[in-house]
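No lab work stands behind these numbers, since they all come straight from the coordinates. All figures in this text were calculated on a predicted structure; none of them were measured in a lab. Quick reminder, even Gly has a Cβ in these numbers, built from the backbone with ideal geometry, and neighbours come from all protein chains shown.
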């Protein structure tokens with residue numbers, strides 16, 4: 001392979017149908033790998049250069065793991081797949097009439113024969129993104145996780161130096177918004193940071209006195225789980241000292257704290273896990289979307305009227321047994337495999353007749369060290385055995401053998417010593433955090449200047 | 001320990017002399033640990049919350065290691081040391097007359113009986129910091145390493161999408177300024193990234209064609225090493241395909257590239273390892289400084305006229321056999337131990353008579369995978385055995401048993417597979433890089449606003 005600027009495919013490839021996959025999350029990457037032997041050119045486009053194992057992102061946010069432990073370069077995964085190329089770029093629009101995807105930088109169009117839209121989701125601030133997003137970061141990207149990690153550990157550092165008791169109380173109050181699996185896992189991990197990891201490290205404050213609140217608008221946490229398991233998770237959260245407040249809708253977030261259930265809670269650290277919505281690029285498709293912005297697809301996951309366009313994962317509003325499928329990794333993975341199969345059949349000149357059907361293998365959530373809940377349909381259990389299963393499943397699905405080893409070593413360590421090694425606070429990070437709070441960062445991001 | 005705002009020491013402690021240590025690098029942290037059994041109160045102040053193993057920072061910059069692998073929370077190291085407290089803050093000034101250190105945030109003064117200044121050094125841009133610093137980041141902090149990592153891997157991503165051959169050439173040209181150990185290690189690692197790690201990952205460019213330049217103003221690289229070893233290092237760099245240009249002073253850095261030895265080299269990636277200077281806070285002490293801003297200290301490392309103030313590590317201009325000691329970790333470590341001993345003697349009412357004497361145990365530098373040079377004075381050797389010794393020494397000196405395991409696992413992996421797992425490029429990072437280049441970030445940093 002020589003240094004060349006030739007972007008056009010070689011002549012013999014040019015004949016091959018072009019499959020474009022937007023997004024290298026669980027769905028997109030699974031589809032790309034499943035298509036590796038097909039007589040087609042495949043292009044995978046992602047905003048970042050890495051596939052991210054989002055289910056463990058809360059462990060990066062609480063310093064148990066490093067970003068590299070749960071990411072793997074997309075090029076690395078697909079490097080031996082000769083029919084596939086990877087582009088790191090933003091997709092700015094999709095023209096399903098012209099069958100083109102517009103990307104940047106640099107600004108250009110890519111034509112496709114088949115398109116798989118696997119762009120995922122981001123936080124849903126329910127109309128308050130402008131003001132709440134900077135104050136209450138979510139947990140979807142590595143940058144999010146680093147921002148939360150900085151907020152969390154910096155709060156203790158500031159409290160240690162503070163003399164005003166009210167201000168100390170405010171700094172040691174942490175609010176997690178949303179009682180789904182991410183919120184529960186985050187609150188549990190934060191309780192352990194405060195009560196275990198940081199104990200005996202400070203001289204003026206007792207980190208164990210930290211007040212960790214989990215706020216949920218609905219009558220109970222973990223609505224997707226059976227009530228018996230959710231109750232067990234609640235008991236475990238109470239044991240860890242988490243203040244769980246159900247029936248408590250969030251009313252406002254400002255510089256001083258949050259208003260929830262009519263009560264103002266002073267805090268500097270708010271974490272948003274209250275809901276997701278599909279990314280803008282998928283919401284702008286010519287199709288119906290549900291209230292989370294997810295595209296309503298046909299039974300074979302195609303866009304209505306466009307059998308060559310597939311929408312999978314969090315971007316798709318797939319209905320099964322009258323209910324929308326949850327925005328979780330197993331759904332995206334199965335959909336990725338399914339659309340790869342459908343496309344393979346079409347490439348072979350066969351018609352697909354089998355609609356997508358999600359096989360629910362179960363749900364799990366971990367609540368701190370050594371405790372999890374598992375719902376395998378008929379079999380439901382909680383506690384240490386559930387946590388061991390949680391461990392095995394997460395290690396199994398993590399891509400990259402080295403990542404698996406690294407995560408296992410660090411988990412063993414955390415389990416034995418409560419240590420969390422990735423507690424890095426640098427000078428620059430705390431400054432960028434201040435800018436983030438002030439909302440200046442996002443303004444700069446839109447008007448990218450290059451002047452000196 | 002209860003939640004309390006009491007910052008004053010408890011009555012019985014108040015009688016004890018107060019030792020303040022500024023900086024938890026090699027020198028400061030060593031001194032703090034050596035003073036753990038002394039009848040004194042010790043306060044360690046650092047801008048960050050972690051001790052950083054700087055000699056391996058180039059491995060973070062080239063994605064072989066994660067930041068957490070070479071850092072350890074200062075509080076963690078000192079948590080069992082009951083006479084010691086840690087403050088994460090900036091030191092804004094030192095008043096040696098009033099025996100006070102001024103810190104922020106929050107703005108306040110800390111009185112001391114003994115002061116150890118171990119504030120280290122940062123890049124020396126020889127009067128061009130204003131314009132060059134943003135264009136040519138150095139390698140002193142985790143933030144620096146992340147910035148370089150982003151520049152390095154993003155250049156390949158951009159080149160892959162570029163069609164203009166000149167622009168591709170510019171993107172795949174990497175300039176390391178400074179032929180000292182850091183520059184040599186950095187250039188060697190970058191060559192391996194291009195020729196090994198990234199090979200077969202791209203479809204339009206050949207990363208192996210990357211042009212890596214090492215620019216040195218002096219007639220040869222590795223001036224601190226014997227000429228025979230420097231020559232071996234040079235041969236190894238050539239074998240790795242590094243374009244080493246000696247007698248080539250850097251004349252300018254701008255948005256398009258560098259001017260060196262009268263030649264303009266177009267590049268987007270410039271890395272600065274050409275020299276260090278002491279941090280401003282130590283330069284403002286009432287004492288002579290050398291041309292690197294290092295404080296000229298007495299034979300016992302005290303500030304002239306101030307036997308209660310010690311300056312150690314990169315901040316100190318310690319002279320031995322008529323030559324200044326190099327700004328390296330072993331010097332700082334030995335000085336940390338020495339001043340702890342001097343203070344212990346004083347606390348015991350004894351006078352110190354022994355001046356500081358640096359025992360040179362040797363110097364080493366690694367050049368890529370499996371090759372290093374080692375100068376142990378009489379014994380000088382290069383190649384694989386030297387690299388094995390380099391490995392053992394670096395693992396030995398790394399603080400934190402878990403860090404040692406993690407680094408060993410990753411090195412084994414890199415050695416076998418050339419894999420570098422920490423190649424994370426996120427959307428936000430590339431945007432912050434653009435801001436960094438445009439110089440806007442630094443302006444924002446100075447005027448920290450909190451308005452919404």
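For this structure, a couple of remarks:
- Position residue A:376, label points 7 Å along Cα→Cβ, spacing to each other copy in nm (shortest first, one decimal): 5.7
- Label-point separation in nm, residue A:291 to residue B:378, each point 7 Å along Cα→Cβ: 8.3
- Förster radius 41 Å - calculated FRET efficiency between residue B:320 and residue B:15 (Cβ-Cβ, nearest 0.05): 0.60
- With the label put 7 angstrom out from Cα along the Cα-to-Cβ vector, residue B:231 ends up 8.3 nm from the copy partners, going from closest to farthest.
- Residue closest to axis [chain A; rotation mapping onto B; Cβ; Å]: A:66, 2
- Going by neighbour counts of Cβ atoms within 10 Å, the residues B:199, B:121 line up, fewest first, as B:199, B:121.
- Considering only the protein assembly as shown, percent of DSSP beta bridges that pair antiparallel, nearest 5: 55
- Taking A:151, B:323, B:133 and counting other C-beta atoms within 10 Å, the order from fewest to most: B:323, B:133, A:151
- Using C-alpha pairs below 8 Å separated by at least 6 residues, the relative contact order for the range A:138-259 is 23 percent.
- Between helix B:384-397 and chain B: long-axis angle, C-alpha atoms, 0 to 90°, nearest 10: 40
- Linear extension gain, residue B:90 paired with residue B:128, 0.36 nm per residue minus alpha-carbon span: 11.3 nm
- Across the range B:117-190, C-alpha contacts under 8 Å between residues 6 or more apart give a mean separation that, scaled by the residue count, equals a relative contact order of 15 percent.
- Burial ordering of A:46, B:90, fewest other beta-carbon atoms within 10 Å first: B:90, A:46
- The angle between the Cα long axis of helix B:329-347 and the longest principal axis of the Cα atoms of chain B comes to about 0 degrees, rounded to the nearest 10.
- Using C-alpha pairs below 8 Å separated by at least 6 residues, the relative contact order for chain A is 18 percent.
- Value of [θ]222 nm, deg cm²/dmol, for chain A, DSSP H segments ≥ 4, -39500 (n - 2.57) each, nearest 500: -10000 deg cm²/dmol
- Gyration tensor (alpha-carbon) shape descriptor, the protein assembly as shown, a/c threshold 1.5: oblate
- Taking every DSSP bridge with both residues inside chain B, close to 55 percent are antiparallel.
- Where both bridge residues fall in the range B:185-322, DSSP classifies roughly 65% of the beta bridges as antiparallel.
- The modelled label-to-label distance between residue A:412 and residue A:227, using points 7 Å beyond Cα along the C-beta direction, is 4.3 nm.
- Acute angle (nearest 10 degrees) that the helix B:142-161 long axis makes with the longest principal axis of chain B, alpha-carbon atoms: 10
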